[in-house]
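> Take a look at this one; I'll ask things after.
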Amino acid sequence: MLLDLIQGTVFAMRLKPVLGSLLVLSSSPLVSALLTANETSQYVKIANDRLAFSVNKSVGAIDFLTLDGQDLLGSRSSTAVTPGGATGNGRSGIGPYLDCYCTPKGSYTPGSIDATYTVFQGVDASQVRYGGVVMSEVYPPTGQVLEQYWFLRDGETGLHTFSRIAYHNSTTPFLRNLQEFRTLFRPNTKIWTHLITNDQLAAPLPVPNPAAGSSANSTTVQDATWYLGNRTGDPYVEQFSDYFTKYTFATVWRDHTVHGMFADGSDIDDGSTFGAWLVMNTKDTYFGGPLHSDLVVDGIVYNYLVSNHHGDGTPNITDGFDRTFGPQYYHFNKGPAGGSWRELRDEAVKFASPSWNANFYDSVAQHVPNYVPTSGRGSWEAKIVLPKGAKNAVAVLAQDGVDFQDNVLDPAAYQYWADIESSNGKVRIDRIKAGTYRLTVYADGIFGDYIHDGIIVKAGKTTDSGRLVWSPESAGTELWRIGTPDKSGGEWRHGDMRDAQHPLHPPEYRIYFGAYDFIDDFPHGVNFHVGTSDEAKDFNYIHWSVFGGYANFLRPQQVEGHGEINNWTITFDLEEKQLRRTNLATFTIQLAGAKTASGNTDVFNATQAYNDLPFVVAVNGHELEPWIIPYYLLSSCGVRSGVVCYQVSHKFTFPTRYLATGKTRNEIILSLPYNATDYESALLPRSVYVQYDALRLEVK
Ligand SMILES: *[C@@H]1O[C@H](CO)[C@@H](O)[C@H](O)[C@H]1NC(C)=O
Ligand SMILES: *[C@@H]1O[C@H](CO)[C@@H](O)[C@H](O)[C@H]1NC(C)=O
Ligand SMILES: *[C@@H]1O[C@H](CO)[C@@H](O)[C@H](O)[C@H]1NC(C)=O
Ligand SMILES: *[C@@H]1O[C@H](CO)[C@@H](O)[C@H](O)[C@H]1NC(C)=O
Ligand SMILES: *[C@@H]1O[C@H](CO)[C@@H](O)[C@H](O)[C@H]1NC(C)=O
Ligand SMILES: *[C@@H]1O[C@H](CO)[C@@H](O)[C@H](O)[C@H]1NC(C)=O
Ligand SMILES: *[C@@H]1O[C@H](CO)[C@@H](O)[C@H](O)[C@H]1NC(C)=O
Ligand SMILES: *[C@@H]1O[C@H](CO)[C@@H](O)[C@H](O)[C@H]1NC(C)=O
Ligand SMILES: *[C@@H]1O[C@H](CO)[C@@H](O)[C@H](O)[C@H]1NC(C)=O
């Protein structure tokens, strides 16, 4: 079957008379542009004048990658895979490559059983030569097909990637959930010195990196989380934090463009700098909408296509499932000695647009099943009349009829979003796969969402939804609110607040939760008085049921307290006139995240008391009907450095006669069950917990 074939086709590119768009794409002159692709029984090797890569056919991964002769991957190596240790199959010095958590057994790295390879070569619509290869493997026990595509164009120094999973099996129509699907650029070389999430968050890599299995002078404090504070001369510890975890560098998809690693030149002969970036030029094949958050870099540069991190949903793999994710673009670049990561990243950010290289993707669509070319896409526009006070508004088009956080329910659904212009409410989205969508609009400062189902986008057309008026939800007169409704729990203590001790001042929520001792911070519990208390000081970013114990490095003894941990108190004063002619009070709680006993796995465990979590509110001693937060789609949030996770909300209603006026102070208790913990298969805190987005009280 394998052909020992050297194709050796050399395409000498003549410089075409000025192609404006082309020149923007390339930082190097095209004069010597030259793309070749060779295939043997062992490998497929493709190169242009600057970038060369080789896919090793016995592992299904790229194991050779150079830019201007500089090796970007280093040597192949393997680390033992241990819980909380090295990720995936533990192999490094490879990538970008594909892996998944998608078989009945769990993880699987396709390419080493019986993969087949097809090499593509051609000239795209812009007269630029490209080469590409697909690795395709059928997983024998189930018949699942996994494919990874890599393309290189002349004049570019990066790899365009697509990843596909298909399942056709009518005898076993339900396989399992697609729990994790991702590509990884996973070098094993000391050249890489910095991790970069976005233009706000970067840090030196810890030396050595415990996430890469080098645990010298580190102590595991939680699953995949290490205390490094005893290290001397580790730039990460000096500049960023005593704790390291891959979740620290996670991010939310909404505004995300480019993440990656930087080589500051200290380990490169002539001191040149290099960058390895994942460009999210398209986001329509991911799931979960703009609120999806995930890992991006930890010594590996990830492209997380699907995961259940932070409570996000995952699709089921059922008979007929066939989805291609991408394109995304791994960009590699080189800068002068002494240059900064910002310049190299800024270059990559220019590519982070769905229109970038659209013609090229149309040209390769013939090779990539399921890729929707421009001819299958349309545009949408509208003018949204936003509520007063709305800030940072966004319009989302995703699966019709469901919360966009749940768009995994239809494994064929795509998703789009764009910021709404604050001056005139205009919004426009291009390159939308033809179909029917739900529009969701949300904005900072406004409780609830605007929802409009049944928006039809036709190929080659622009759908104009005209003027849409968002009348914000209301249950009468607002007496008070605390927190900002913005789908984030960052405004509270230890949230977005910057760490004062380290020169890079990371936001505190990104650091291991155990660094902030709830009992020291709130020895008498949370007592928040509306109007005088300070959100950033007097309200914690995580509402625990118990604190300390398992996975708490600094407080290894679990503390249940006597109601001052699980019960939080909000007090407020009302004047008699505020309640005049009212009878119904509505207390809204929006949560930015919640963790119940189903924890990380979303698995209902019948032995556990708090799969579904009863959240109780008591108003001046009147206990309201509990809100049962359901077990599914909820997961680790704050303990995985999250303040934006799967969002849920609830409205408690009660008669206004429960409220007091004048000198009598009102008291609302937010109550989690006392001493509520659960079984954790990984080293993670056992307490259930919630994280607030915002709360408000209204009367009518
Ligand atoms: C492919 O083979 C030709 C002829 O041996 C060689 O000139 C070219 O550099 C090779 N290209 C790659 C990417 O290995
Ligand atoms: C491909 O990987 C195999 C397995 O690790 C290794 O033995 C082989 O040398 C590699 N092939 C090439 C061409 O590097
Ligand atoms: C379908 O799935 C079952 C159970 O996993 C497996 O035994 C069978 O071989 C699969 N069929 C095909 C065609 O792969
Ligand atoms: C850190 O160093 C101190 C002093 O050498 C030692 O007592 C302690 O056990 C070390 N802690 C860890 C977590 O390595
Ligand atoms: C390792 O930790 C010890 C304290 O436990 C410290 O004295 C030593 O300098 C550390 N070594 C390195 C290389 O960080
Ligand atoms: C996946 O299948 C299970 C079992 O049928 C079902 O409960 C769940 O809702 C499905 N999830 C999705 C995202 O379709
Ligand atoms: C917490 O508040 C709830 C609701 O008012 C109450 O039932 C419970 O007794 C309080 N104390 C503890 C320790 O949970
Ligand atoms: C359910 O919880 C029990 C402990 O009560 C544990 O032994 C078991 O592994 C858990 N099951 C799952 C599927 O996590
Ligand atoms: C709290 O729960 C733990 C089990 O997680 C149990 O050992 C402990 O006795 C309980 N504490 C109280 C005061 O009920």
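The values are calculated or read from the model by the stated rules, or taken from the named source; none is laboratory data. Please read all numbers here as calculations on a predicted model, not as lab measurements. Note: ideal-geometry Cβ built from the backbone for every residue, glycine included; neighbour counts use all protein chains shown.
> Which count do you get for residues in region 363-375 that are crowded, with 16+ Cβ neighbours inside 10 Å and touching a residue at least 12 places away in the same chain (Cβ under 8 Å)?
9
> Sort out which residues of region 235-245 are surrounded by fewer than 23 Cβ atoms within 10 Å (Cβ to Cβ) and either under 12 Å from the mean Cα position of the chain (by Cα) or part of a loop (DSSP other than H, G, I, E, B) (or both), and write them in order of number.
ASP242
> Ok, one more. Considering region 58-78 alone, what residues qualify as being more than 15 Å from ligand 2 (Cβ to nearest atom) and either within 27 Å of the chain's Cα centre (by Cα) or in contact (Cβ under 8 Å) with a residue 60 or more places away in the chain (or both)?
LEU67, ASP68, GLN70, LEU72
> Quick test for you: out of PHE522, PHE547, pick the one residue that is under 16 Å from ILE565 (Cβ atoms) and either touching a helix residue (DSSP H, G or I) at 6+ places or on another chain (Cβ under 8 Å) or crowded, with 22+ Cβ neighbours inside 10 Å (or both).
It is PHE547.
> Would you be able to tell me the number of residues in region 596-623 that are out of contact with any helix residue (DSSP H, G or I) (no Cβ under 9 Å at 6 or more places or on another chain), closer than 28 Å to TYR442 by Cβ and either part of a loop (DSSP other than H, G, I, E, B) or modelled with pLDDT under 90 (or both)?
So the count comes out to 4.
> Looking at region 67-104, which of the residues that are of a type in the set (A, V, I, L, M) and buried (at least 17 other Cβ atoms within 10 Å of the Cβ) is farthest from ARG50 (Cα to Cα)?
Checked region 67-104; the qualifying residue farthest from ARG50 (Cα to Cα) is ALA86.
> Sticking with this one: How many residues are crowded, with 22+ Cβ neighbours inside 10 Å and in contact with a His (Cβ under 9 Å, 6 or more places away or on another chain) if we restrict to region 145-156?
6
> In contact with a helix residue (DSSP H, G or I) (Cβ under 6 Å, 6 or more places away or on another chain) and either under 22 Å from ASN540 (Cβ atoms) or in contact (Cβ under 8 Å) with a residue 40 or more places away in the chain (or both): is that true of SER641 in this structure?
In short, yes.
> Hey, among ALA660, ALA609, ALA618, ALA594, which residue is more than 16 Å from ligand 7 (Cβ to nearest atom) and farther than 28 Å from ASP294 by Cβ?
Step by step, each of ALA660, ALA609, ALA618, ALA594 is checked, and only ALA660 is more than 16 Å from ligand 7 (Cβ to nearest atom) and farther than 28 Å from ASP294 by Cβ.
> Just the residues that are of a type in the set (Ser, Thr, Tyr) and more than 16 Å from ligand 8 (Cβ to nearest atom), please, taken from region 637-685.
SER641, TYR646, SER649, THR653, THR656, TYR658, THR661, THR664, SER671, TYR674
> One residue is enough: does region 86-101 have a residue meeting the conditions away from ligand 3 (no atom under 16 Å from the Cβ), under 24 Å from the mean Cα position of the chain (by Cα), part of a strand (DSSP E or B) and among the β-branched types (Val, Ile, Thr)?
yes
> Can you tell me which residue among THR232, THR257, THR220, THR248 is hydroxyl-bearing (Ser, Thr, Tyr) and either buried (at least 22 other Cβ atoms within 10 Å of the Cβ) or touching an Asp or Glu at 6+ places or on another chain (Cβ under 7 Å) (or both)?
Only one candidate passes the filter, namely THR248.
> Quickly run through region 346-380 and pick out the residues that are basic (Lys, Arg) and under 22 Å from the mean Cα position of the chain (by Cα).
Across region 346-380, the qualifying residue is only LYS350.
> Moving on. Identify the single condition in (1) within 12 Å of ligand 2 (Cβ to nearest atom); (2) in contact with an Asp or Glu (Cβ under 9 Å, 6 or more places away or on another chain) that LEU51 does not satisfy, given that it satisfies every other one.
With (1) within 12 Å of ligand 2 (Cβ to nearest atom); (2) in contact with an Asp or Glu (Cβ under 9 Å, 6 or more places away or on another chain) applied to LEU51, the lone miss is (1).
> Going by what's in this entry, would ASN605 be described as within 16 Å of ligand 9 (Cβ to nearest atom), of a type outside the set (A, V, I, L, M) and crowded, with 18+ Cβ neighbours inside 10 Å?
no
> Now, a different point. How about region 290-318: which of its residues are in contact with a helix residue (DSSP H, G or I) (Cβ under 9 Å, 6 or more places away or on another chain), of a type in the set (Ser, Thr, Tyr) and surrounded by fewer than 24 Cβ atoms within 10 Å (Cβ to Cβ)?
If the condition is that a residue be in contact with a helix residue (DSSP H, G or I) (Cβ under 9 Å, 6 or more places away or on another chain), of a type in the set (Ser, Thr, Tyr) and surrounded by fewer than 24 Cβ atoms within 10 Å (Cβ to Cβ), then THR314 is the only one that fits.
> While we're here: Taking region 483-519 on its own, how many of its residues are of a type in the set (Phe, Trp, Tyr) and surrounded by fewer than 22 Cβ atoms within 10 Å (Cβ to Cβ)?
Adding up the residues that qualify gives 1.
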